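J.: First the structure, which I've put down as C-alpha cells, then a few questions once you've had a look.
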C-alpha cells in the first residue's frame, strides 16, 4: 500500500473514532493517537525519507493536510461535547422562574429585649419615665455619690473593671444614672433605668456583662409600703399571679433600710435583686433635702427575669448567639 493510501485510511479511521469519542478524556486520547509525537501522522512524516525523491513532496503535503483536518475534527467534536454537557447541566439544574421566591429568614427579638420592653411598658403605666446613661462612668457617680466608702470591697479590682489611665470604671450597676437624674431635677419624680452593667463574675447564673433595671421614686410621702406594693405588682406582671416575693434584711450603702428580694421559682427561691429606701446622704449628694423628701430604689437583673420567663437554665445561652436558641422566641 502506498503512503497516500495509508493517509486516506488513517483519515477515514480518524473521522470515525473522533465522532465516537464520548468524553473530553476519550477525545484527548484519540488526538494523541493520531497527532502525538508517536502518533500515526508522525509515523508517516518520519517515513518520508524512505520514499523516492519525486514522492516526498506530495506525501508531505498530504500528511500536513491530514493533520490539519484531524485538528479541525477534534476541535469540532470538543465543541459538541462541551455544548452537550452544558445542556445536560442546565436540564438537571433547571430553575423554574415562575415559582414564588423563598422569603428571607426573619430576625427575632432577643429574650432580654422582650423582657426589657415589657418592663418599661409596665412602669410607664405607673407614671415612670425611662432614663439612660453612659456605660463608662466616673468613680464618683458609680461609688462616691452612692455612699460607698473608699475601702468598700466593690471598689476592688476583683469586682470592678477600671478604665486604664483614668478614675473611670465600667459601671457596675445602673445606679449612676439615678445620681445623674436626681441631680438634674426637683422632686417629685419616678424613673426606671434599663441597661448593661459589668462585673467580674461568671457561672451559670452570672456573666461579666449583664443587664439590670433600676427604679427609683422620690417625693414627700414615699414609703416602704409603696416600694413593696410596686415590687409585688411588678413580679406578678412578669411571672404571673402565682409569683411570690421574699424580703431579707440586707445592707447597701445607698439605701437604709435595705433588703434583698427573692422571687419564687419552681420549688425554690431565686435571688432577684435589691431594694430599700434611698439613703439620706445620697439625696444630699444630689442636692435634695432629705428632711423634706424621701424615696425608694430597687434594682434587679433583666437577664435573670428572661431566664425565669423563658425557662433558660444557663445565662450564657443568652449571649452565645446561637440562632437555635433565639429562634424559639
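The values are calculated or read from the model by the stated rules, or taken from the named source; none is laboratory data. Everything quoted here is computed from the prediction, not taken from an experiment. Quick reminder, even Gly has a Cβ in these numbers, built from the backbone with ideal geometry, and neighbours come from all protein chains shown.
J.: Being under 19 Å from the mean Cα position of the chain (by Cα) and not in a loop (DSSP other than H, G, I, E, B) is the filter; apply it to the range 310-329 and report the residue that is nearest to residue 276 (Cα to Cα).
T.: 315
J.: Additional query: Could you check the range 54-68 and list, in sequence order, the residues that are surrounded by fewer than 16 Cβ atoms within 10 Å (Cβ to Cβ) and at pLDDT 75 or above?
T.: 61, 64, 65, 68, listed by residue number.
J.: Against the condition surrounded by 14 or more Cβ atoms within 10 Å (Cβ to Cβ), free of Cβ contacts under 8 Å to residues at least 40 places away in the same chain and assigned by TED's automatic domain parsing to the domain that holds residue 272, how does residue 171 come out, does it pass?
T.: yes
J.: Still on this structure, I have one more. Mind listing whichever residues of the range 69-110 are within 30 Å of residue 326 (Cα to Cα) and either touching a helix residue (DSSP H, G or I) at 6+ places or on another chain (Cβ under 8 Å) or surrounded by 10 or more Cβ atoms within 10 Å (Cβ to Cβ) (or both)?
T.: 108, 109, 110
J.: May I ask you to list the residues in the range 231-257 that are closer than 17 Å to residue 295 by Cβ and surrounded by fewer than 19 Cβ atoms within 10 Å (Cβ to Cβ)?
T.: Passing the criteria: 253, 256, 257.
Matching residues to (1) in the same structural domain as residue 198 (by TED's automatic domain parsing); (2) assigned to a helix (DSSP H, G or I):
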{"residue": "97", "(1), (2)": "no, no"}
{"residue": "103", "(1), (2)": "no, no"}
{"residue": "115", "(1), (2)": "yes, yes"}
{"residue": "119", "(1), (2)": "yes, yes"}
{"residue": "127", "(1), (2)": "yes, no"}
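J.: On to the next question. When you go through 99, 35, 51, 90 one by one, which is the residue that is farther than 22 Å from residue 5 by Cβ and modelled with pLDDT under 80?
T.: The match here is 90.
J.: Residue 113: within 21 Å of residue 304 (Cβ to Cβ) and either without any contact (Cβ under 8 Å) to a residue 24 or more places away in the chain or more than 32 Å from the chain's Cα centre (by Cα) (or both), yes or no? Break it down stepwise before answering.
T.: Numbers: within 21 Å of residue 304 (Cβ to Cβ): yes; either without any contact (Cβ under 8 Å) to a residue 24 or more places away in the chain or more than 32 Å from the chain's Cα centre (by Cα) (or both): yes.
Spelling it out, residue 113 is indeed within 21 Å of residue 304 (Cβ to Cβ) and either without any contact (Cβ under 8 Å) to a residue 24 or more places away in the chain or more than 32 Å from the chain's Cα centre (by Cα) (or both).
J.: Just one of (1) over 32 Å from the mean Cα position of the chain (by Cα); (2) at pLDDT below 90 trips up residue 181, so point out which.
T.: (2)
J.: Continuing with this model, one more query. If you go through the range 252-296, how many residues are free of Cβ contacts under 8 Å to residues at least 40 places away in the same chain and over 30 Å from residue 312 (Cα atoms)?
T.: 7
J.: Something else: Identify, please: which residue in the range 18-32 is without any contact (Cβ under 8 Å) to a residue 60 or more places away in the chain and crowded, with 17+ Cβ neighbours inside 10 Å and is, among those, farthest from residue 60 (Cα to Cα)?
T.: Ranking the qualifying residues of the range 18-32, first place goes to 27.
J.: Which members of the range 159-188 meet the condition of being within 18 Å of residue 253 (Cβ to Cβ) and in a loop (DSSP other than H, G, I, E, B)?
T.: 159, 160, 171, 172, 173, 174
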